[in-house]
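The values are calculated or read from the model by the stated rules, or taken from the named source; none is laboratory data. Worth saying up front: this structure is predicted, and the values here are computed from it rather than measured. Here the Cβ is made from the backbone with ideal geometry for all residues, glycine too, and neighbour counts use every protein chain on show.
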Amino acid sequence: MAAAALRAVRAPALRSSCAGWRVPGLTPVRWSRYSPEFRDPLVDKEHYRKPVAELTEEEKYEQELKKTQLIKAAPATTTCSVFADPVISKFTNMMMKGGNKILARSLITQTLEAVKRKQFEKYRAASAEEQATIERNPYVIFHQALKNCEPVIGLVPILKGGHFYQVPVPLADRRRRFLAMKWMITECRENKHRRTLMPEKLSHELLQAFHNQGPVIKRKQDMHKMAEANRALAHYRWW
Amino acid sequence: MAAPCVSCSAALSRRLFLGTRVVLARSQGLWKASAAGAQAGSGPQLSRLIHTTVVTTKKSVPASRREVYTEDFIKKQIEEFNLGKRHLANMMGEDPETFTQEDVDRAITYLFPSGLFEKRARPIMKHPEQIFPKQRAVQWGEDGRPFHFLFYTGKQSYYSLMHDIYGKILQVENQQNQLLPKSLLPENTEVLDLIGSRWLIKEELEEMLVEKLSDQDYTQLIRLLEKLGRLASGPAEQEFVSRFRRSLAVQSKRQEVPPVQHDAQGMPFSTGQGRRKTATAEAVVSGHGSGRIRVNGVDYLRYFPVMQDREQLMFPLHFLDRLGKHDVTCTVSGGGRSAQAGAIRLAVARALCSFVSEDEVEWMRQAGLLTTDPRVRERKKPGQEGARRKFTWKKR
């Protein structure tokens, strides 16, 4: 089992100016159908259309290097379309239940539509000065709302002397994004009236988070307060 | 009283006998055991001895060391191989003088067809150098004194190699220090092809030196070689360093571009095939068109009601900015809706390669449009509910 999980890496072509040396050896690859030497695909159209004159030395080197590397197939959810958003894709996947991507995606589309409608209503009803401040692009609102919900510091249970202490710990970027999305989804699933539909509730929560109000922001602030309260235990962290 | 004594003495003699003969082949051991048993025991014990195996009688089976092949043995194997190659050539009606290894492989697959999935389990006939692992000759003379001065380090080839490389580095640095005040430095000629080649991996190095290396040893060696390669050294040193590099295939050259065909009216078109999970698709992309897509005779909007699948169909065309310029007619079968969409995407991308420049083919490859997705459904395992999900753990 361990032998299957670990596979030897073919040492890639190394740069002469490579500062951080990776020890060539076993890299854990948990049962991927791809060999470890496969690289992730890059779908951005503009990246390839750049004229050769504009590239720096680094980029030219990267380009040449990429020609010798094997590339994985692009997943079924990515396109080079301008409407494809990685944050929205991740959020859709987290909303999905039982593999029902069609339903999850339709909910997100309806949510974004609901956000846009609400903002347009506010816009129509507002005066000229306020109209400048109202944001109507649902994607901008979505991104900003999730960014507002991201906690800066988290708590980790550490076992010391037979007791678990909640120790404040800095969080990695991806963990913060994950927590923001998770809290948003949990909040919208659990604390809503039985008759309200998900898009309505989610659009309402997103708009509240956009203005730094609402239950998700409160949860983030509670987390920060707990971390502040347990400041004394910070030295339990060893990494 | 007598019978138990006889049986226990038989068992003892058997065990003693087997204990001394470790390296012998199993069949020999069995016969010897049965012979010993025949001497010690009577009728029923003899039959019992013949049917026992070496493994069940031994208390603990020591790990077998690697077989040591003598030089004479290897030489004999090589002679037999060459003779066998000539016989094989005769059998196949070819000329024995010009019978290459590829011909040998073809002949063996023809004479011994095997349906085994594991390629290494199929019948092979290769030169003994490739079959028997390389072994070190005896490292010391008749007086017991080792030949190499670094023998007692345990890894003499590795340390002597490090010694050589460091010597070369010092030499080159000395030369450069002498030339520096006279400012007669030669141009920095980096012959080392950093992109088209890679360092040897640890396994290849172990094979080359016929010694076991640790990860740290390997790292140190590569560091030294990099240092030597970076210094402005002469062609001899570059050649020395390039011995430790292997060339990498340029992946973009490996793409098979289907040829452009012309139909009765002279319209150019191209065909491509694609697969994803269990779905197979074949797409015919015409050179001039208005962006209509027909799948299995049905318009794509009706065949793929889900937006995600239509986006996948659009992906290769949109990537190359050729959305309204090609007509696509495709047939697809097998799989589910997402697999069919993925298969058509691959087929269309492959067909488009023939209308597009080499650079754009490479861009498509780097965007992941020209790779067959190897992910398939993982099988369910016995003792588990699914491929990964285990049954609910119950305490009692």
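Counting the residues of the range A:68-111 that are closer than 26 Å to residue A:49 by Cα, in a helix (DSSP H, G or I) and either within 8 Å of chain B (Cβ to nearest Cβ) or touching a Lys or Arg at 6+ places or on another chain (Cβ under 7 Å) (or both) gives 0. Yes or no: the range A:120-134 includes at least one residue that is among the polar types (S, T, N, Q) and modelled with pLDDT of 95 or more. Within the range A:120-134, none of the residues are among the polar types (S, T, N, Q) and modelled with pLDDT of 95 or more. Exactly one residue out of B:220, B:216 is farther than 27 Å from residue A:67 by Cα, more than 10 Å from every other protein chain (Cβ to nearest Cβ), modelled with pLDDT of 90 or more and out of contact with any Lys or Arg (no Cβ under 6 Å at 6 or more places or on another chain), and it is B:220.
Every test in (1) closer than 30 Å to residue B:158 by Cβ; (2) surrounded by fewer than 16 Cβ atoms within 10 Å (Cβ to Cβ) is passed by residue B:260 save one, and that test is (1). Among the residues of the range B:344-377, the ones that are in contact with a helix residue (DSSP H, G or I) (Cβ under 7 Å, 6 or more places away or on another chain) and free of Cβ contacts under 8 Å to residues at least 12 places away in the same chain come to 1 in all. The single condition among (1) of a type outside the set (A, V, I, L, M, F, W, C); (2) on the phi > 0 side of the Ramachandran plot; (3) free of Cβ contacts under 8 Å to residues at least 24 places away in the same chain that residue B:394 does not satisfy is (2). Exactly one residue out of B:282, B:237, B:311 is crowded, with 16+ Cβ neighbours inside 10 Å, at pLDDT below 90 and not in a loop (DSSP other than H, G, I, E, B), and it is B:237. You will find that of B:380, B:325, the residue that is under 30 Å from residue A:52 (Cα atoms), assigned to a loop (DSSP other than H, G, I, E, B) and without any contact (Cβ under 8 Å) to a residue 60 or more places away in the chain is B:325 and no other. On the stretch given as the range A:196-207, residues that are surrounded by 17 or more Cβ atoms within 10 Å (Cβ to Cβ) and out of contact with any helix residue (DSSP H, G or I) (no Cβ under 7 Å at 6 or more places or on another chain) total 1.
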